[in-house]
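The values are calculated or read from the model by the stated rules, or taken from the named source; none is laboratory data. What you see is a predicted model; the values in this text were computed from it and never measured. Accessible surface is based on the protein model in full, side chains and every heavy atom, while ligands, DNA and RNA are left aside. Shrake-Rupley method; radii C 1.70, N 1.55, O 1.52, S 1.80 Å.
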Amino acid sequence: DQLQQIVSNVSRIYTTVSALPVYEPAGNTTRILHVSDLHLNPTAWGLIRTVVQQFEIDAVLDTGDIVDWGSTAEESYVSEISSIGVPYIYVRGNHDSAAIEAAVARQQNARVLDNSVTSVGGLTIAGIGDPQFTPDKNETPQVGNADEPSSNPLLVSGEQLAATIRKSPA
């Protein structure tokens with residue numbers, strides 16, 4: 001039943017995307033496709049490639065959770081990134097381990113943002129990986145002591161990224 005639902009949803013997405021009007025932006029427009037929470041979806045890469053080609057996308061921005069558990073067995077999933085054909089900008093999510101981030105970084109067209117900044121077509125993008133690796137969906141992430149912001153990993157990483165952005169020449 002779940003597989004049938006997935007196939008039905010993907011079919012509807014393809015039908016909708018193919019029926020969209022052609023968008024004619026100004027010549028200097030940078031087109032970014034934002035994706036997130038792919039969670040090993042086997043149809044994601046085909047859909048991303050279709051949208052990239054149909055809408056002449058300049059880069060894909062993936063804001064994490066590309067896999068479910070962050071295991072080494074899941075590393076092969078990211079090999080499809082190289083087939084996208086445009087820069088693939090990736091920021092690690094809470095389901096993505098350091099090993100998954102490294103596997104993404106090995107892809108020829110990938111740019112991993114982890115407390116760093118990159119530019120695509122005049123657009124500056126900054127990102128930092130989620131500081132809490134929590135692949136178990138039943139686990140509640142630890143957020144530190146609310147009374148002591150310096151112990152909250154989300155606040156600490158936000159401050160780190162803010163400092164990186166302030167120092168960036170872009």
Rolling a 1.4 angstrom probe over the protein chains, ignoring ligands and nucleic acids, what is the accessible area of His39 in square angstrom, nearest 10? 50
Can you classify segment 1-89 as rounded, prolate or oblate using the Cα gyration tensor, where a ≥ b ≥ c are the square roots of its eigenvalues, rounded means a/c under 1.5, and otherwise it's prolate if a/b beats b/c and oblate if not? oblate
Theoretical ellipticity at 222 nm over the chain - DSSP helices of four or more residues, -39500 (n - 2.57) apiece, nearest 500: -9500 deg cm²/dmol
Test of understanding: in a Gaussian network model of the chain with alpha carbons linked when under 10 Å, which of Glu75, Glu159, Glu148 would top the mean-square fluctuation ranking? Glu148
Which whole-Hz couplings ³J(HN,Hα) result when phi for each residue of segment 65-70 is put into the Karplus expression 6.51 cos²θ - 1.76 cosθ + 1.60, θ = phi - 60°, listed in order with x for Gly and Pro? 6, 6, 10, 9, 10, x
What's the carbon and sulfur percent of the chain's accessible surface, probe 1.4 angstrom, rounded to a whole number? 53
Could you compute how much accessible surface Ser116 exposes when probed at 1.4 Å, giving the result in Å² to the nearest 10? 30
Rounded, prolate or oblate, given the Cα gyration tensor of segment 19-71, with a/c below 1.5 counting as rounded? prolate
Which option, [x] 57, 35, 27; [y] 44, 43, 30; [z] 52, 46, 29, is the value of Cα extents along the principal axes in Å that was calculated from these coordinates? [z]
Between Phe55 and residues 5 or more places away or on another chain, the pairs with built amide H atoms under 5 Å apart involve none
Could you state the accessible area per residue of segment 25-143 in Å², with a 1.4 Å probe and every protein chain left in place? 47
